[in-house]
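Written below as C-alpha cells is the structure these notes are about.
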Amino acid sequence: MTTKTSTITKNGSLKVSSEGSVWQKAITANSEWEDKDEFLDVIYWSRQVFGIILGVIWGIIPLKGMLGLALFAAISCAVVYLYSINFQSIDEEEYGGAWELIKEGFLASFAGFIVTWIIFYTGLHYDSIIAEKTL
Amino acid sequence: MWSDTLLIVFISISTALLGEGLTYVLVYRTDKYQKLKNEVEKQSKKLEKRKEHQNQNDKSQKKKIERDEEKLKNNNRDLSLVKMKSMIATGFAFTALLSMFNSIFDGKVVARLPFVPISWVQGLSHRNLVGEDFTECSFIFLYILCTMSIRQNIQKLLGFAPSRAASKQGNSLFAPAPGQFR
C-alpha cells in the first residue's frame with residue numbers, strides 16, 4: 001500500500017510524492033529528482049543496506065585482513081558514483097561535487113558493514129579460528 | 001562468544017533508543033526546540049537558494065546574505081544551547097551505563113576481528129585484554145562501532161537528525177563554503 005501526499009509548491013505545480021514513487025524513481029534510469037534530499041536519502045539508505053549485505057557476504061566467505069576493508073570502501077564508493085552519474089545521470093555540481101555524493105552516509109554504512117562482518121565471522125568461523133590457533 | 005557479540009549489538013540498540021528517548025523528553029518535544037529548529041531549517045534553505053542565485057556585483061544582496069548568515073548563526077547557537085541540557089544529562093547516564101558494562105565484560109574477548117586493526121585503534125580494540133593477539137576484540141570497540149551505525153540510523157529514521165541544508169550551512173560558519181571565493 002502506498003500513501004500519497006499532495007502538496008502544492010510555490011509556483012502552483014502539483015507535487016506528488018509517495019513511498020512507492022521514490023522507490024520507482026530509484027530503480028528507473030535517468031529519473032527526475034526535483035528534491036535533492038530525496039535522492040540523497042535514497043543513496044543513504046541503499047548504502048546502509050548494501051553495507052550490511054556486503055558484511056554478511058565477507059563474513060561467510062570469510063574475507064580477512066585489510067583487503068576486506070579496502071574492497072568494501074572501493075566497491076561502496078564506486079557503486080554510488082556509477083549509480084548517480086551513469087544510471088541516474090545526475091549533475092554532480094548540483095550536489096556540490098561528486099565528493100558530497102560519495103561521502104553521503106559512508107561512515108554509518110562503514111560501521112554497519114564492519115559490525116555485520118565481525119558478527120558473521122565470529123559466529124561462523126569461531127571453531128576454525130581456535131583450531132588454527134592451537135595448531 | 002557469539003552470544004556476547006549479539007548481546008552487545010542489542011545493548012547498543014537499547015542504549016541508542018534510550019538516548020534518543022531521553023533527548024526526546026528533554027528537548028525534541030519542547031516548543032522552544034521545535035520553533036528554533038523550524039526557523040533554522042527555513043533560514044538555511046533560504047540562504048542556500050539566495051547564494052545560488054547570487055549576483056556578484058549586487059552589494060545590497062551581499063549585505064542581505066550577510067545579515068541572514070548572522071541571524072542563522074544566532075539561531076544555531078540557541079539551538080545548541082537548548083540541546084546542551086539534555087546532552088549533559090545523557091552524558092552522565094551513559095558514563096554510568098558504560099562503566100557498568102565495562103566491568104561486566106572486563107577482560108572478556110567478545111568477538112574475533114577478521115582483520116588486524118591499525119596500531120592506534122589497537123588500544124581500543126584490545127582494551128583490558130591479555131595477550132598479543134590483536135584479532136581479539138574488546139567490548140568497547142564493538143560497542144562504539146555498533147553505536148556509530150545504529151545511532152545515526154535511528155536518528156534519521158525518527159526524523160531527529162538535523163536536515164542537510166541546516167548542517168551544511170552550519171558547517172559553513174566554521175569553514176569557508178565551497179565556491180565562496182570564486
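Readers should treat all values here as calculations from the given coordinates under stated rules, not as data from a laboratory. As the structure is a prediction and not an experimental result, all values here were calculated from the model. Ideal geometry is used to build each Cβ from the backbone, glycine not excepted, and the neighbour counts take in all protein chains shown.
A Förster radius of 51 Å, combined with the Cβ-Cβ distance separating residue A:66 from residue B:94, puts the computed FRET efficiency at roughly 0.95. Remark: mean inter-chain Cβ contacts per residue of B:141-149 equal 5, using a 10 Å Cβ-Cβ cutoff to other protein chain atoms.
How high is the FRET efficiency from residue B:81 to residue A:79, r the C-beta distance, R0 41 Å, rounded to 0.05? The value I calculate is 0.50.
Quote the FRET efficiency, to the nearest 0.05, computed for residue B:39 versus residue A:53 with a Förster distance R0 of 41 Å and r equal to the Cβ-Cβ distance. Approximately 0.55, to the nearest 0.05. Let me make sure I get this right: for the range A:31-134, a, b and c are the square roots of the gyration tensor eigenvalues over alpha carbons, sorted descending. Under 1.5 in a/c it's rounded, otherwise prolate if a/b > b/c, else oblate. Which is it? Here the range A:31-134 falls in the prolate category. Taking label points 7 Å from Cα along the Cα-to-Cβ direction, residue B:60 and residue B:108 give a separation of 7.0 nm. Peptide A:98-108 has a mean of 2 when you count, residue by residue, the C-beta atoms of other protein chains within 10 Å of its C-beta. Computed from label points 7 Å out along Cα-Cβ, the spacing between residue A:34 and residue B:53 is 1.6 nm.
Applying the Karplus relation 6.51 cos²θ - 1.76 cosθ + 1.60 with θ = phi - 60° to the range A:72-79 yields 3J(HN,Hα) values of 4, 4, 5, 5, 4, 5, 5, 5 Hz, where x marks Gly and Pro. Directionally averaged projected area (the range B:1-102, Cα convex hull): 9.3 nm². Between amide H atoms placed 1.01 Å from N, distances below 5 Å from residue B:116 occur with A:65, A:66, all of them 5 or more places distant or on a separate chain. Sparsely packed loop sites in the range B:1-92 (the trypsin sites (Lys or Arg not before Pro) outside DSSP H, G, I, E and B with at most 15 other Cβ atoms within 10 Å) comprise B:29. What's the longest piece of chain B with no exposed chymotrypsin sites (Phe, Trp or Tyr not before Pro), counting a site as exposed if DSSP puts it in a loop and it has at most 14 other beta carbons within 10 Å? With chymotrypsin sites (Phe, Trp or Tyr not before Pro) excluded where exposed in loops, chain B gives B:1-159 as its longest stretch. Relative contact order of chain A, taken over Cα pairs closer than 8 Å and 6 or more residues apart, is 30 percent.
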